[in-house]
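Everything below concerns the one structure shown next.
The values are calculated or read from the model by the stated rules, or taken from the named source; none is laboratory data. Please read all numbers here as calculations on a predicted model, not as lab measurements. As a convention, Cβ positions derive from the backbone with ideal geometry for all residues, glycine included, and neighbour counts pool all protein chains shown.
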Amino acid sequence: MRALDQIAFEVPKSLAEMTEERLRQTILKGDLEFGEQITEAGLSELFGLSKTPVREALVRLSVRERLVEIKPRSGTFVFSLKEKDISDISALRITLEQAAIRAAMTRDRGSLIAELSRHVDGLRVLRETIDLATYRALDHEFHAIFLRHSDNPYLVDCYTMISTKVLAMRNRLTFSREYVIKSIDEHFAIAHALSAGDVDGACDIVAEHINSGFTARTRRLLADISPGR
């Protein structure tokens, strides 16, 4: 029989945590628009809950991921964006991912390369089928691999603050087949560079890859659907 300290128990989530996740997904999927005003009463009715877990969920999402903006004497709103916000997020994302890559390659190169290789296998299949929902999920996961292998919780915390906003933005965009293929090929190039030990080359591709995802036109489109900014 295994010792109790060797058994992993799944701790049940609190009602506030479950409400937080429901609200997060509602924002990410676009069911709530950028800049839309939201209320405890409205969300309580939407989710069929009392106001207490909704209030806690709003506070949580306003602090760590900043998906919600609580403005005194004005109300509570889904986050909104200016063009500069999007540029700033992309710049920070590049800095964090490059730092994570360097840390992961120093800490345990073999483990990082092995997971990237498994992920690339899935991307090869996707390149033939081009399913946008699958592409968004795999793209998000590809970049998260670097952070997981960095073994730096502070990097992870900083990245979490922006990664959900990035996902929310990308979920409101459409991508052509050509764009998805180019993006996947850039993932291949990053993985190949790291497999060859070319960390600087991989970091350069990451920067180009992230910047190409949010062109000036794309930043304007996203800012235009963010009222009140």
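Out of all the residues in the stretch 148-158, is one or more surrounded by 17 or more Cβ atoms within 10 Å (Cβ to Cβ) and of a type in the set (F, W, Y)? Scanning the stretch 148-158, I find no residue that is surrounded by 17 or more Cβ atoms within 10 Å (Cβ to Cβ) and of a type in the set (F, W, Y), so the answer is no. Scanning the stretch 21-30 for residues that are at pLDDT 95 or above and either of a type in the set (A, V, I, L, M, F, W, C) or closer than 17 Å to F77 by Cβ (or both) returns L23, R24, T26, I27.
Is the stretch 155-163 home to any residue that is at negative phi and acidic (D, E)?
Yes: one or more hits.
Do we have A41 as more than 24 Å from the chain's Cα centre (by Cα), modelled with pLDDT under 95 and not charged (D, E, K, R) here? Judged against the criteria, A41 is not a match.
For the stretch 86-118, filtering for residues that are within 27 Å of Q25 (Cα to Cα) and either within 17 Å of the chain's Cα centre (by Cα) or among the hydrophobic types (A, V, I, L, M, F, W, C) (or both) leaves 14.
Yes/no per residue for (1) farther than 26 Å from M169 by Cβ; (2) in contact with a Leu (Cβ under 7 Å, 6 or more places away or on another chain):
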{"site": "T76", "(1), (2)": "no, yes"}
{"site": "S80", "(1), (2)": "no, no"}
{"site": "E83", "(1), (2)": "no, no"}
{"site": "I94", "(1), (2)": "no, no"}
{"site": "R124", "(1), (2)": "yes, no"}
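Against the definition (buried (at least 18 other Cβ atoms within 10 Å of the Cβ) and not aromatic (F, W, Y)), how does L194 come out, yes or no? Taking the combined requirement at face value, the residue satisfies it. Only residues that are surrounded by fewer than 16 Cβ atoms within 10 Å (Cβ to Cβ) and either among the charged types (D, E, K, R) or in contact (Cβ under 8 Å) with a residue 12 or more places away in the chain (or both) were counted across the stretch 23-32, and they come to 3.
Could you look through the stretch 97-118, keep only residues that are touching a residue at least 12 places away in the same chain (Cβ under 8 Å) and farther than 14 Å from D151 by Cβ, and pick out the one that is surrounded by the fewest Cβ atoms within 10 Å (Cβ to Cβ)? Once the filter is applied, the top-ranked residue is S117.
The residue that is nearest to T215 (Cα to Cα), among those in the stretch 63-89 that are modelled with pLDDT under 95 and among the polar types (S, T, N, Q), is S87. Filtered by the rule that a residue be in contact (Cβ under 8 Å) with a residue 12 or more places away in the chain, within 19 Å of I210 (Cα to Cα) and of a type outside the set (D, E, K, R), the stretch 121-139 gives L123, L132, Y135, L138. The listed residues are A104, A57, and the only one of them that is touching a Leu at 6+ places or on another chain (Cβ under 6 Å) and more than 27 Å from T19 (Cα to Cα) turns out to be A104.
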